[in-house]
Amino acid sequence: DLPIGWTDRQDAGSYELARRNDDAVFGYTVGPRTWKKYLFPPQMTLLSVDRTNGVLRFESAPLDPPRYAFLGVRPCELAAVDIQDRVFLDSEFTDPTYATSRSRALMIAVNCAVAGGTCFCSSMGTGPRADAGFDLVLTEVLERDSHDFIIEAGSEAGATILSELPGRAATNGDAATVASIIAKTETHMGRSMETSDVYDLLTSNLEHPIWENIAQRCLSCANCTLVCPTCFCSTVEDVTDLKGTAVRQRRWDSCFTMEFTNLHQHPVRSSTSSRYRQWMTHKLAYWQDQFDTSGCVGCGRCITWCPAGIDITAEVAALRANTEVATV
C-alpha cells in the first residue's frame, strides 16, 4: 500500500505526483493530511441527549479511540505532535480523547532523504532528522546494488520490535551513511525562514501595510489552518433531529472564519488582513508566549495548499525587507 517509486513536486499553490527512477518507499515528503486527524479528530461527538417518556437522558461519548501505528511520520510531524502535546496534555486542562489516543500510538518515523519544494524544517530546527518522539525511526538507503533500511529504536516498545526484525547490527559506517543522507537533504530545502528576530518583527509591525497586501490575495478559505499539523482551534455545536435527540459535537475551527471571533453577533476580526495577521503572528510569535515554542514546524503545507500561493516564508522576508530597523 506504500507509494513505491513515487514522489511529489510541491510549490506555492501547487502539488503533483511524479514517478521516480527507483523503488524508493519513502521518496516523497508530506501531503495535505496530517497525523493530527487521528489524535485530534476533525469532528467528534462529546455527548448525546435523548428524551424518553418526557425524561432527558444524558450520555457521554465512549472514550475508546482506536489504537494506531503511524508509519512514515516525518521529523517535522514528530515536532508537531510534541507541540500538540503541550496544548492538550501539558496544561491545566487535559483533553481525554487526545491523551488516550496519544498514549496508544506507536510512532514509526522516517528520516527525510528528500526535501520538498516548500519544506523549511531546517530553519525551524525540526528536521530533516528525527531526534526524539519516535518508537522507531527508519532511514532508507538506496544504492545501485542494494535497498536497505537503517533502523534506530527510541523507546522500549521500539526496541522490542527491533529485536524481532531480521537484519544485522548497524555499524559506524551505517551511522555515517545516515548522517550523509540527512546533510544532503538539509542542503536541498525548498524554502528557508530567518527566525532569530521573527517574534519582535511581527509584534512590532501589527499595523504594517503588508497585511493589506496579503489580504488582497488571501481568500480566507482556511486551507492553511486545516492542513497545518499544529493548529488546534475547535468549536462546539449542538445538533438536533426530529426524534428529540440532540448531539453535542466538537469540530475543527479556524481563525480565518468570520464567526470565529463573534462577540455580541459581531466579529472582532472582520477584515481578511486582521485574520491573516492573527494566524501568522500567533503561529510564529504569540505561540512562544503560550507554549514556549514556535507553532510552525516548517512542513510547508500552508504554502503548498494555499490556492492563492501565499508563502509564509516570503511574507516574513517581505516584512523584514520593508521594515525600518533602528540602530543605536
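Computed from the coordinates by the stated procedures, all read-outs in this text should not be read as laboratory data. Just so it is clear, the structure is predicted and the values come from calculations on it, not from any experiment. Every residue, glycine as well, gets a Cβ built from its backbone with ideal geometry; the counts of neighbours run over all protein chains shown.
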inquiry  = Tell me whether the chain comes out rounded, prolate or oblate; compute the Cα gyration tensor, take square roots of the eigenvalues as a ≥ b ≥ c, and use a/c under 1.5 as the rounded threshold.
reply    = oblate
Counting DSSP beta bridges with both ends in region 69-148, the antiparallel % (nearest 5) = 30 percent
task = Starting from the Cα-Cα distance between Ala183 and Ser60, subtract it from 0.36 nm times their residue separation and give me the gain in nm to one decimal.
result = 39.3 nm
task = Enter the Cα centre distance for the pair region 279-327 and region 141-168, rounded to the nearest angstrom.
result = 37 Å
key: Zero-based 5 Å bins, Cα pair distances in region 225-290, whole percents   = 3, 15, 19, 21, 17, 11, 7, 4, 2, 1
Contact order normalised by residue count of region 1-160, Cα under 8 Å, 6+ apart, percent = 20 percent
inquiry  = Can you order the peptides 111-117, 313-319, 131-137 by their average number of other Cβ atoms within 10 Å per residue, highest first?
reply    = 111-117, 131-137, 313-319
Sites matching GluC sites (Glu not before Pro) across region 206-238 that sit in DSSP coil, with at most 10 neighbouring C-beta atoms within 10 Å = Glu207
key: Computed magnitude of the charge dipole of region 132-236 (debye, nearest 20; Cβ of K, R +1, Cβ of D, E -1)   = 280 debye
request  = Measure out, as a whole number of angstrom, how far apart the alpha-carbon centroids of region 91-130 and region 253-271 sit.
outcome  = 30 Å
request  = Only residues of region 100-116 count here: report those whose backbone N is under 20 Å from the spot 7 Å along Cα→Cβ of Leu17, or say none.
outcome  = 113-116
query = Tell me, in nm to one decimal, what length is gained between Thr261 and Leu219 on full extension, where the rule is 0.36 nm per residue of separation less the Cα-Cα distance?
reply = 13.4 nm
task = Quick one: compute the contact order of the chain, relative version, from alpha carbon pairs under 8 angstrom and 6+ residues apart, as a percent.
result = 23 percent
query = Excluding the sites themselves, what is the longest stretch of the chain that contains no trypsin sites (Lys or Arg not before Pro) in a DSSP loop with at most 11 other C-beta atoms within 10 Å?
reply = 244-328
message = Multiplying the sequence separation of Thr203 and Arg51 by 0.36 nm and subtracting their Cα-Cα distance, what value in nm do you get?
response = 49.6 nm
